[in-house]
Amino acid sequence: MHKIKFLTLIILLLAISACKKFLDTKPSASLVVPQTSSDLQALLDNSTLLNASWPYATEIGSDDYYVTTTEWETRPAAEKNGYIWEADVFNENERNAWSLTYNIVYTANIVADALNSKIEGSQSEINNVKGQALFFRAFAFNQLLQVFAVPYNEQSPATAPGIPLRLDADLNKKTTRASLENSYQQVINDCKLAASLLPDTQAIKTRPSKQAAFALLARTYLQMSKYNEAMQYADSALRINAFLLDYNSINTSATRPLAQFNREVIFHAVMITSNTLNINAKTDSVLYASYNINDKRKQAFFKLNTNGTQTFKGSYDGSARLFNGFTIAELYLIRAECRARLNQVNEAMNDLNTFLVKRWKTGTFTDRSAASSAEALALILAERRKELVLRGIRWSDLRRLNLATATETTIKRVVNNTTFTLTPQSPRYTFRIPQLVIQMTGIQQND
Amino acid sequence: MYLKILSFLVLIPLFSCSQITIHGKVINEEGLPVEAATVLLKNKNTTVLTAPDGSFVLNNTTLYDTLVVSAIGYLSQQVPNNERGLLTIILKRKTTQLADITISTGYQRLPRERSTGSFEFINTEQLNRSMSTSLLSRLEGVSNIYFDRRSAANGAFTIRGRSTLFGNAAPLIVVDNIPFEADLSTINPNDIESVTILKDAAASSIWGARAANGVIVVTTKKGRYSAQPSLQVSINTTITKKPDLYYNPALPSADYIGLEQTLFSNGFYDPQISNTTTWPALTPAVEILTAERQGKISAALAAQQLSSLKLVNIRNDLSKYFYRPAFTQQYALAYSGGSANLTYLFSAGYDQSTASQVGNKNNRFTLRSQTSFRPFNWLEYSLGLSLTSSRYWNANTASNLVTGYAGNIYPYAQLVGANGQALPVVKDYRWPFIDTAGNGKLLSWYYKPYDELNNAHDQTTLSEKRINSSIDIRINRFFSLNLLYQLQQQQSVRSNLFNTSTYYTRNLINLYYNPATAVFNIPLGSILDQSSSSINAHTGRTQLNYAQSWHSAQQLNIIAGAEVRSTTSASNTFRTYGYNENTLTYYNVNFIDNLPIYSGLAPARPIPNPLSFANETLHFLSLYTNASYLFRKKYTLTLSARKDASNIFGVGTNQKWVPLWSSGLAWNISKEKFWHLNNIPFARLRLTWGYNGNIDNSMAAVTTIRYATKALFTSLPYATVQNTPNPELRWEKTAVLNMALDFAMVNDRLKGSLEYFIKKGTGLIGLSPVDPTTGVQTNGTFSFKGNVASMKSNGLELSLTSINTIGSLQWLTTFNGSYVASKVTEYKLVNLNASAFLNLGLAISPLQGKYLYSIYSQHWAGLDPLTGDPQGYLNGTVSKDYTSLVNLTVNDLKYNGSAIPLVFGSLINTWSWHSWSLSCNIMYKLGYYFMRPSVSYNELFNNMNAHPDYLLRWQQPGDEKFTNVPSMLYPNTNTNRDYFYNTSSVLVEKGDHIRLQDLILSFAAPGNKTFSKMQFSFNVSNLGIIWRANKKGIDPDYFNGGYPLPCSFSLGIKSTF
């Protein structure tokens, strides 16, 4: 009898393993089922989606630019309403900041899911694609948090809703909003894991590297006002490479002075094209006036129009597309700001000066100094705004800086002689989720 | 999990052991075993049930007792148990009861009393009503299967309506207990004993995820134990009339040429005439007119040539030289018999058919052997071997008779000359071009259809092999075990040789001739296309059967089993250029570079290379069980469940333990004490409920990707997600409720059943909008193809058999009627554009609340009395804004109704007198619509599609009173005007019709010393429509091209020696 039991057990064990294999067989040989690390890399090399479908909603409401009423009139509802901070933004077109960014999440999840089963490739290749997938997912979640969740605040209630965290490609799973805290934590966890898997740098800048993961961590912690962590990760990133582009070496009068994939770029990404931002946007006159005449950026970033207005020409994509990836300069600015806030005034000013000297005309720059951390912070924030024009960062900065009365801003638009105002605590700093999504999932709508 | 059960089943026999004292066998009057008969030992009061082979064993019994043997449908019998040895008990049938048939589900055979489901049983006699070589067409008219004969859907057949929107709609066909994966044409209908059609959930849910479309269970003939050897010979011949090529209306040649003259004088052909680059084809009449205009021929000669063309009708030549009466012969031989422990059957069949299309023929050779060996009464081994080899020749080229890109040919094409010589017709290029092209360097560029008939060499061989072996083990008096394995292989090889005489080869060689280098880029020689495909299917099954009865008051039968199936199909196609069939040599050609086309007739392009490969594998693991419980012969309860796992279902579905199941209840109400309806001595109510599944092979649960070149920014190769992984992809699920009443009255002279059913399909495969948060996109929209749609059908089936015997004249009437209405209940992603719904009802455009196949049409507001323009309604007002009219939404269209019959069936009357019998089958299809074609001026001018409604067109004010055909517009600037008229409600006709399907006269000769039975029959089929609702003489099954099946005459002899 024991023999029979034993035999049954063996047959059973063999059967279970055989069954799985039997049911895993590919139904048709012509289906390309991702099986190798290069198949997965190919999915991640789809740069139209992964490097060029990032939401312009991180800039459309910012105060760096304006458009004329005539130009505004011709734009689709998403751009028009986004510009004047209306509630109804993403309901006209189903291809919007929500759906396209989640399409990026989906692709990253396809790759991550595929890695759960056997994938051919060396360990370093597999680590590399896994790290990239995690980075893309984290960056997508980060962008969604900037657009569709309330600003992060130490005091924000634990119940504040974040975004739906889709962590695999299974479309049958129900969509629910995670808490704000968990949502940011997911970005951080994904990024940390990505950083541990990725090589320091990548040969191709559309592929995220360890440095990019550190940069995303620094940016995310900054958005969370966690300055200690932000400083540490900016520092880690800068330890990999701290090269700054000397603007004296570029032709600032060129149509597009800044080249795509230049040495300062850590990771390349651009926002979805919108006429409002890519073509019509005129630079805010106060912002333009804040550039010193010896600041090479004044010429490198802006084209003077015949009517006296200025148009941004300084995209790190070397085209009209607006760069929203990561640069080394941003890291210097993050580290400087954090150090200022953490009362390390000298170190902060060092960072600022190291950076600024590369932006100013040779021989004209004298090191800045600050007597207090508040003074340092004011200087650094001003330079931050001047450096990161139309980079998809200003919106997040406004959200964050409005949390403190000292740094808050009220911004205004004039369209058709009507003035629209965005107050620092306005709920419009959080975009409403497309109504279609609310209808289909029943998740909580934003105010 | 599966193997756990499997090993359990295998281990069962080890525990069996018991002493045997009485062996016996229960058979009926025909010598067939009676399964599940109750054998009661009167004094000891112990009972056993007989096995499927009728045998039983009683343990520890004493002699001089009495056996009481009873079985449903049989008179019970008392037999003294006075001697040792094998007892044979013959049971006689009772009279009042259901037809004495054993239905087969593919997993078990059971008497109808033990079932609650909806089974339709087709016996040998019904199958032999038609002498067709195809099993399926023999089922038409004798079953409730609906055959859609409309041109586009030809051959589609459904059981109780369609159960899916876009999935596989074909019913599952099971031959000898195993799903049949090969081509159905490899089955010789002469080998078939019976067919059982499983219609509701209780009947078919044992087939689980493949049952929703219904199941057709085919049982082949087998030998019998202890039967005299017998030889059955059957021979028949069928002659089918030539098809009626004049069935489809056509514009007479004279009118067509008249139209061409009008168009010519209006300069319609001028662009083609002046095009000396690609030399587009022009008809002979236009060439004559051109030559006349260019002064090459005189006006008189032109007129003379035209008038002689006006006398030609292409249909005369086609009918005379391309069609013939079809001729089919069938020979079938079967030798069968059996000893006490061995049965055997060997059969051979040879069929050959010459089709009505000249040059097309086929033959089929089938060999089969079926043996069962029972060395001990607890063990039976069966082995079935089957071999089919068929060959098809397709030489007929009538379907290629098209001119240029028109898709049609001019009606005055002359194919054969006065002396029987092949004449050229215009094909791709103008004759003035090909007359001189190549200065003698090229091959002849003329297309002579009649020569093509002799030059075609298109052959397909199809072979199918099946090995089916099973072991039945009686474990003890309750349990038996059945092990089964089948291997099925099909191989199909097609070889199509286009020799240098064929137009196809000559045209390609000429096109790729490079005059600059004087090189034939496609070498002179034949072009050989070869393709092959193969199917390999393995099936293994282990099944445990349990049967017990208690004092004949209760009876319990349970089966449980596990099944594993694997089907691999592979195919490939390749082409050889410059092939020489005599020396088997060939040339390599340049498939890569763009090569110049002769005289710039087309842009440079590579030599065509139709190379392809495919390979598919389907794996299934299934567990199933079925139980029936009979109480006091009044109540029957059945339960059935099956779980399928497959490599196309997602992990989520495979892991979830959700079986498809059914349950049923039958109540023999006439056996109740309160039943006082003496006029109806037999009445039985049945109620069943359950679920069936359906599979869409085109779906995959896994992620698939598609590669592309040149990514943005990096120019690297990249990939996109092609198929969304859907771990919960599952079978489509159809819930079926069936209510039925079986009855017999007037001394069994009137028997029948009435069934009502509701089918609800859920999780049907379709497109659906998806939560954008999932990130899923299909073709650029946030939609998803998955289990998203639903539909509902309800229906009624009535079958009646009445014996109206008058004296020695026996008269039997069988009536079958079905009503099925299938509607979409949920479909979210709807393209509401009218054009998606104006499809002649040939395709499914799902719209909530509407029939699957529907006829929609444009509202018709008559012809404009001033211009003869067709008019419709736009926002309630009469309109001629055709662009807006054709862009309306479906909500603005008229909904005419179903495009397939809601009611259909047959009425069969058979009269027998002594050895003679006459039978006639009348079939009807009711309650549906079709849209008849009419003239489209765009089609008429550009595509030679000449509908004779042209002659009825509006020509002057007042004509609108008697015609609905719009006036001719030249130039025809608005194709929407044509489209509007051709989709308007004025062209919708009722499809209802009744046709005389067949008439059969047969004579059964009394047996003598040489033969025990001999039957002659004469059969006339497809006698035509005897009533139709439409007044246009249109056969609604062939309203859109094609021609009705011509009448056929068959003569058959069957004898048993």
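When residues of region A:417-433 are filtered for being part of a loop (DSSP other than H, G, I, E, B) and of a type outside the set (K, R), how many remain?
Residues of region A:417-433 that are part of a loop (DSSP other than H, G, I, E, B), as a first pass: A:417, A:423-426, A:430-433.
Those still in the list that are of a type outside the set (K, R) too: A:417, A:423-426, A:430-431, A:433.
Number of matching residues: 8.
Within region A:324-346, track down each residue that is more than 12 Å from A:A378 (Cα to Cα), part of a helix (DSSP H, G or I) and among the small types (G, A, S).
Answer for region A:324-346, where residues must be more than 12 Å from A:A378 (Cα to Cα), part of a helix (DSSP H, G or I) and among the small types (G, A, S): just A:A329.
For region B:987-1019, which positions are under 30 Å from B:S230 (Cα atoms), polar (S, T, N, Q) and crowded, with 16+ Cβ neighbours inside 10 Å?
Result: B:S1002, B:Q1015, B:S1017, B:N1019.
Could you look through region A:37-70, keep only residues that are facing another protein chain (nearest Cβ under 7 Å) and among the charged types (D, E, K, R), and pick out the one that is nearest to A:Y106 (Cα to Cα)? If you could, list the steps in order and put the result at the bottom.
Our first condition is that a residue be facing another protein chain (nearest Cβ under 7 Å); within region A:37-70, this holds for A:39, A:42-43, A:45-48, A:51-52.
When the remaining residues are screened for being among the charged types (D, E, K, R), the result is A:39, A:45.
Working: A:D39: 16, A:D45: 14 Å.
In this case the residue turns out to be A:D45.
Tell me yes or no: at least one residue of region B:634-653 is out of contact with any His (no Cβ under 9 Å at 6 or more places or on another chain), under 21 Å from B:T105 (Cβ atoms), of a type outside the set (D, E) and within 14 Å of chain A (Cβ to nearest Cβ). Outline the logic, then answer.
Kept after step one, since they are out of contact with any His (no Cβ under 9 Å at 6 or more places or on another chain), are these residues of region B:634-653: B:634-644, B:649-653.
With under 21 Å from B:T105 (Cβ atoms) added as a condition, the list becomes B:635-644.
Imposing the further condition that a residue be of a type outside the set (D, E) reduces the set to B:635-643.
Subset that is within 14 Å of chain A (Cβ to nearest Cβ): B:643.
There is at least one residue in region B:634-653 that is out of contact with any His (no Cβ under 9 Å at 6 or more places or on another chain), under 21 Å from B:T105 (Cβ atoms), of a type outside the set (D, E) and within 14 Å of chain A (Cβ to nearest Cβ).
Table: residues versus (1) crowded, with 22+ Cβ neighbours inside 10 Å; (2) within 14 Å of chain B (Cβ to nearest Cβ); (3) under 26 Å from the mean Cα position of the chain (by Cα); (4) farther than 26 Å from A:V286 by Cβ.
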{"position": "A:E330", "(1), (2), (3), (4)": "yes, no, yes, no"}
{"position": "A:R339", "(1), (2), (3), (4)": "yes, no, yes, yes"}
{"position": "A:L352", "(1), (2), (3), (4)": "yes, no, yes, no"}
{"position": "A:A382", "(1), (2), (3), (4)": "no, no, yes, no"}
{"position": "A:T430", "(1), (2), (3), (4)": "no, no, yes, no"}
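I'm trying to understand the selection: among the residues of region B:769-794, which are in a loop (DSSP other than H, G, I, E, B) and either aliphatic (A, V, I, L, M) or more than 7 Å from chain A (Cβ to nearest Cβ) (or both)? Break it down stepwise before answering.
Step one: of region B:769-794, the residues in a loop (DSSP other than H, G, I, E, B) are B:770-771, B:775-777, B:779-780, B:782.
Hits for region B:769-794 are B:V770, B:V776, B:N779, B:G780.
Give just the number: which of (1) more than 30 Å from A:E92 (Cβ to Cβ); (2) out of contact with any helix residue (DSSP H, G or I) (no Cβ under 8 Å at 6 or more places or on another chain); (3) surrounded by fewer than 17 Cβ atoms within 10 Å (Cβ to Cβ) does B:T781 not satisfy?
Answer for B:T781: the failing condition is (1).
Hey, among the residues in region B:58-68 that are surrounded by fewer than 21 Cβ atoms within 10 Å (Cβ to Cβ) and not hydroxyl-bearing (S, T, Y), which one's farthest from B:R374 (Cα to Cα)? Explain how you work it out, then say what you get.
So the first thing to find is which residues in region B:58-68 are surrounded by fewer than 21 Cβ atoms within 10 Å (Cβ to Cβ), and the list is B:59-66, B:68.
This time we only want the ones that are not hydroxyl-bearing (S, T, Y), so: B:59-60, B:63, B:65, B:68.
Values: B:N59: 21, B:N60: 24, B:L63: 27, B:D65: 29, B:V68: 26 Å.
Out of the qualifying residues, it is B:D65.
Find the residue count for region B:148-158, including only residues that are modelled with pLDDT of 85 or more and touching a Leu at 6+ places or on another chain (Cβ under 8 Å).
Selection size over region B:148-158: 1.
This table checks each residue for (1) surrounded by fewer than 21 Cβ atoms within 10 Å (Cβ to Cβ); (2) hydroxyl-bearing (S, T, Y); (3) farther than 30 Å from B:G167 by Cα.
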site	(1), (2), (3)
B:H859	yes, no, yes
B:L885	no, no, yes
B:C920	yes, no, yes
B:L926	yes, no, no
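Hey, does region A:170-189 have a residue that's closer than 17 Å to A:M224 by Cβ, more than 13 Å from every other protein chain (Cβ to nearest Cβ), part of a loop (DSSP other than H, G, I, E, B) and not aromatic (F, W, Y)?
Checked region A:170-189: no residue is closer than 17 Å to A:M224 by Cβ, more than 13 Å from every other protein chain (Cβ to nearest Cβ), part of a loop (DSSP other than H, G, I, E, B) and not aromatic (F, W, Y).
Scan region B:380-410 for residues that are closer than 30 Å to B:L333 by Cα and surrounded by fewer than 17 Cβ atoms within 10 Å (Cβ to Cβ) and jot them down. Walk me through how you get there before you give the answer.
Taking region B:380-410 first, the residues closer than 30 Å to B:L333 by Cα are B:380-394.
If the condition is that a residue be closer than 30 Å to B:L333 by Cα and surrounded by fewer than 17 Cβ atoms within 10 Å (Cβ to Cβ), then B:Y381, B:L383, B:L385, B:L387, B:S389, B:R391 are the ones that fit.
Can you tell me how many residues within region A:41-100 are more than 16 Å from the chain's Cα centre (by Cα) and among the aromatic types (F, W, Y)?
6
Out of B:L584, B:L621, B:L556, B:L611, which single residue is more than 14 Å from every other protein chain (Cβ to nearest Cβ) and either crowded, with 20+ Cβ neighbours inside 10 Å or more than 30 Å from B:K656 (Cβ to Cβ) (or both)? Let's see the steps before the verdict.
On the way: B:L621 fails: more than 14 Å from every other protein chain (Cβ to nearest Cβ); B:L556 fails: either crowded, with 20+ Cβ neighbours inside 10 Å or more than 30 Å from B:K656 (Cβ to Cβ) (or both); B:L611 fails: more than 14 Å from every other protein chain (Cβ to nearest Cβ).
From the options B:L584, B:L621, B:L556, B:L611, the qualifying one is B:L584.
Table: residues versus (1) assigned to a helix (DSSP H, G or I); (2) under 20 Å from A:Y247 (Cβ atoms).
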site: A:I293; (1), (2): no, yes
site: A:R321; (1), (2): no, no
site: A:A374; (1), (2): yes, no
site: A:L379; (1), (2): yes, yes
site: A:R385; (1), (2): yes, yes
site: A:L390; (1), (2): no, yes
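On the given criteria, is B:S663 of a type outside the set (F, W, Y), part of a strand (DSSP E or B) and touching a Ser or Thr at 6+ places or on another chain (Cβ under 9 Å)? Step through it out loud before you land on a result.
Values: of a type outside the set (F, W, Y): yes; part of a strand (DSSP E or B): yes; touching a Ser or Thr at 6+ places or on another chain (Cβ under 9 Å): yes.
Yes: the conditions hold for B:S663.
Which of the residues belonging to region A:324-347 are under 30 Å from A:L277 (Cα atoms) and aliphatic (A, V, I, L, M)?
Filtering region A:324-347 for residues under 30 Å from A:L277 (Cα atoms) gives A:324-338.
The answer is A:I328, A:A329, A:L331, A:L333, A:I334, A:A336.
Output yes when any residue across region B:611-626 is in a loop (DSSP other than H, G, I, E, B) and either in contact with a Phe, Trp or Tyr (Cβ under 7 Å, 6 or more places away or on another chain) or small (G, A, S) (or both), and no when none is. Lay out the reasoning, then the answer.
Kept after step one, since they are in a loop (DSSP other than H, G, I, E, B), are these residues of region B:611-626: B:611.
Applying the additional criterion that residues be either in contact with a Phe, Trp or Tyr (Cβ under 7 Å, 6 or more places away or on another chain) or small (G, A, S) (or both) yields B:611.
Yes, there is a match, as at least one residue in region B:611-626 is in a loop (DSSP other than H, G, I, E, B) and either in contact with a Phe, Trp or Tyr (Cβ under 7 Å, 6 or more places away or on another chain) or small (G, A, S) (or both).
When residues of region B:725-737 are filtered for being within 9 Å of chain A (Cβ to nearest Cβ) and either among the aliphatic types (A, V, I, L, M) or assigned to a strand (DSSP E or B) (or both), how many remain? Write out each step before concluding.
The initial filter retains those residues of region B:725-737 that are within 9 Å of chain A (Cβ to nearest Cβ), namely B:725-728.
Remaining after also requiring either among the aliphatic types (A, V, I, L, M) or assigned to a strand (DSSP E or B) (or both): none.
Result for region B:725-737: 0.
Within region B:826-854, how many residues are in contact with a strand residue (DSSP E or B) (Cβ under 8 Å, 6 or more places away or on another chain) and either in a loop (DSSP other than H, G, I, E, B) or crowded, with 18+ Cβ neighbours inside 10 Å (or both)? I'd like the intermediate steps shown before the answer.
Kept after step one, since they are in contact with a strand residue (DSSP E or B) (Cβ under 8 Å, 6 or more places away or on another chain), are these residues of region B:826-854: B:826-829, B:832-834, B:837-838, B:840-841, B:845-854.
Filter again for either in a loop (DSSP other than H, G, I, E, B) or crowded, with 18+ Cβ neighbours inside 10 Å (or both), leaving B:827-829, B:832, B:834, B:837-838, B:840-841, B:845-854.
Number satisfying all stated conditions: 19.
List pairs: first residue in region B:709-724 and within 7 Å of another protein chain (Cβ to nearest Cβ) and among the hydroxyl-bearing types (S, T, Y), second residue crowded, with 20+ Cβ neighbours inside 10 Å and in a strand (DSSP E or B) anywhere in the structure, Cβ distance under 7 angstrom, at least six positions apart or on different chains.
B:T720/B:I705; B:T724/B:F784
For region A:111-123, what are the residues that are at negative phi and either crowded, with 23+ Cβ neighbours inside 10 Å or more than 10 Å from chain B (Cβ to nearest Cβ) (or both)? Show your work before the answer.
Kept after step one, since they are at negative phi, are these residues of region A:111-123: A:111-120, A:122-123.
Correct list: A:V111, A:A112, A:A114, A:L115, A:N116, A:K118, A:I119, A:E120, A:S122, A:Q123.
Output the residues belonging to region A:299-314 that are over 27 Å from A:E264 (Cβ atoms) and of a type in the set (S, T, Y).
A:T306, A:T309
State yes or no: is B:L809 more than 30 Å from B:R686 (Cα to Cα), of a type in the set (A, V, I, L, M, F, W, C) and at pLDDT 85 or above?
Details: more than 30 Å from B:R686 (Cα to Cα): yes; of a type in the set (A, V, I, L, M, F, W, C): yes; at pLDDT 85 or above: yes.
For B:L809, the condition - more than 30 Å from B:R686 (Cα to Cα), of a type in the set (A, V, I, L, M, F, W, C) and at pLDDT 85 or above - is met.
Among B:S194, B:S185, B:S204, which is within 20 Å of the chain's Cα centre (by Cα), of a type in the set (S, T, Y), in a helix (DSSP H, G or I) and surrounded by 19 or more Cβ atoms within 10 Å (Cβ to Cβ)?
Numbers: B:S194 fails: in a helix (DSSP H, G or I); B:S185 fails: surrounded by 19 or more Cβ atoms within 10 Å (Cβ to Cβ).
From the options B:S194, B:S185, B:S204, the qualifying one is B:S204.
Restricting to region B:1000-1034, name every residue that is more than 26 Å from B:L902 (Cα to Cα) and either charged (D, E, K, R) or under 24 Å from the mean Cα position of the chain (by Cα) (or both).
Pass one, region B:1000-1034, residues more than 26 Å from B:L902 (Cα to Cα): B:1000-1020.
If the condition is that a residue be more than 26 Å from B:L902 (Cα to Cα) and either charged (D, E, K, R) or under 24 Å from the mean Cα position of the chain (by Cα) (or both), then B:K1009, B:K1013, B:N1019, B:V1020 are the ones that fit.
Kindly indicate which of A:P34, A:P27 is touching a helix residue (DSSP H, G or I) at 6+ places or on another chain (Cβ under 9 Å), farther than 14 Å from A:M271 by Cβ, facing chain B (nearest Cβ under 7 Å) and not small (G, A, S). Steps first, answer last, please.
On the way: A:P27 fails: touching a helix residue (DSSP H, G or I) at 6+ places or on another chain (Cβ under 9 Å).
Only one candidate passes the filter, namely A:P34.
The values are calculated or read from the model by the stated rules, or taken from the named source; none is laboratory data. For clarity, every value in this text was computed on a predicted model and none was experimentally measured. Methodologically, a virtual Cβ is constructed for each residue, glycine included, from the backbone with ideal geometry; neighbour enumeration extends over all protein chains shown.
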